[in-house]
Amino acid sequence: CAFSKEPLIILNNALGYKIIVDLEEFEWDLRKGTGYYYTYQRFEELEPQNSSERRTWNENRKKAYRGSLKHFLYSYYHKEVYSEGFTYRSERSLRPAGKQDLTYHRTVRGIPENTGFSFYNLAGPIEVTYNIDTNDLLTSRRVERSGMEPARINDLIGIDAHGNLYDPLSIIVSGAWSFYRMADQLPFDYIYL
């Protein structure tokens, strides 16, 4: 466990952001190599020294985004999973929430009516594959495997139009996504161009 009374300031010179982080919860089991952190973050764009640095930041942001959980959730929300290079198994495990489920969760969990999020049932684990185009002449594609599963039984996950989760602790990620950390974080309203 760890905590901080003051916000953490992170300068991410690879992506061109200053990140102000309020650390709410942090727990990590070194023996198991698992854990979680719960934060509130604010992003401020750094001022590039020149146009070359701006291009580098934009390219690094695209690389951080492509194949990320945020990218998958955005693609799922907009029904563009396959056209964005993702495939996933157990498609019946992730589906739009029914009216009864939404009513129950709004009553029990206090989810407001107009959140800007769409809610889905994540009934079990799903395995997600992302095909990455590379510039390597020997291998033109690289495959990343990730997974997600519900953190709580019979819970809903909420996704907004930018690919953000209503409750970041509603899922457990594995595979490539489990290696994404603060250095790979992008603003909540980041749009891949």
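Since every read-out is calculated from the coordinates, none of them should be taken as a lab result. These numbers come from a predicted model, not from an experiment. No Cβ is skipped: glycine too gets one built from the backbone with ideal geometry, and neighbour counts run over all protein chains shown.
Over all directions, how big on average is the projection of the convex hull of the alpha-carbon atoms in segment 1-105, in square nanometres? Don't skip to the answer; put the middle values down first.
Numbers: hull surface 43.4 nm².
Result: a mean projected hull area of 10.9 nm².
On average over all directions, what projected area in square nanometres does the chain have, based on the convex hull of its Cα atoms?
Working: hull surface 53.6 nm².
Projected area, direction-averaged: 13.4 nm².
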Check your understanding: With contacts defined as alpha carbon pairs under 8 Å and 6 or more residues apart, what's the relative contact order of segment 56-193 in percent?
Key -> 27 percent
Check your understanding: Of 30, 43, 15, which is farthest on the positive side of the dipole of segment 8-49, counting Cα position, with +1 on Lys and Arg Cβ, -1 on Asp and Glu Cβ, and the Cα centre as origin?
Key -> 30
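Given the rule -39500 (n - 2.57) for each run of at least 4 DSSP H residues, summed and divided by the residues of the chain, what is its mean residue ellipticity at 222 nm, to the nearest 500 deg cm²/dmol?
Result for the chain, helices only: -5500 deg cm²/dmol.
May I ask for the percentage of alpha-carbon pairs in segment 91-133 that lie more than 12 Å from each other? Could the numbers behind the result be given before it?
Numbers: 607 of 903 pairs.
Counting every Cα pair in segment 91-133, those more than 12 Å apart make up 67 percent.
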Revision key, fill the gap. If amide H atoms are modeled at 1.01 Å from N in the peptide plane, then the residues at a separation of 5 or more from residue 167, or on another chain, having amide H under 5 Å from its own are 158
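Do any of 32/99; 32/70; 79/99; 5/63; 62/99 go past 27 Å between their Cα atoms, and which?
On the way: 32/99 39 Å; 32/70 25 Å; 79/99 20 Å; 5/63 33 Å; 62/99 36 Å.
Going by Cα-Cα distance, 32/99; 5/63; 62/99 fall outside the 27 Å limit.
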**Study point:** Listed peptides 155-166, 19-30, 73-84 by packing density, highest first (mean Cβ within 10 Å)
**Key:** 155-166, 73-84, 19-30
Revision key, fill the gap. In order over segment 14-24: 3J(HN,Hα) from phi, Karplus 6.51/-1.76/1.60, θ = phi - 60°, whole Hz, x for each Gly or Pro, gives 6, 9, x, 10, 9, 10, 9, 10, 9, 8, 8
Check your understanding: What list of ³J(HN,Hα) couplings, whole Hz, do you get for segment 54-63 from phi and the Karplus terms 6.51, -1.76, 1.60, once you set θ to phi - 60° and write x for glycine and proline?
Key -> 4, 4, 4, 4, 4, 5, 5, 5, 4, 5
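Let me know the shape class of segment 47-157, please: from the alpha-carbon gyration tensor, a ≥ b ≥ c as square roots of the eigenvalues, rounded when a/c is under 1.5, otherwise prolate if a/b is greater than b/c, or oblate. List each step's numbers first, then the result.
Details: a/c = 3.29, a/b = 1.71, b/c = 1.93.
Note, shape of segment 47-157 comes out oblate.
Can you list which of the trypsin sites (Lys or Arg not before Pro) found in segment 1-52 are DSSP loop residues with at most 11 other C-beta atoms within 10 Å?
Working: sites: 5, 18, 31, 32, 42; in loops: 5, 31, 32.
Within segment 1-52, the qualifying trypsin sites (Lys or Arg not before Pro) (loop, at most 11 other Cβ atoms within 10 Å) are 5, 31, 32.
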Practice item. Please state, to two decimals, what the Cα-based radius of gyration of segment 1-43 comes to when divided by 2.2 N^0.38 Å (N = residues). Key: 1.31
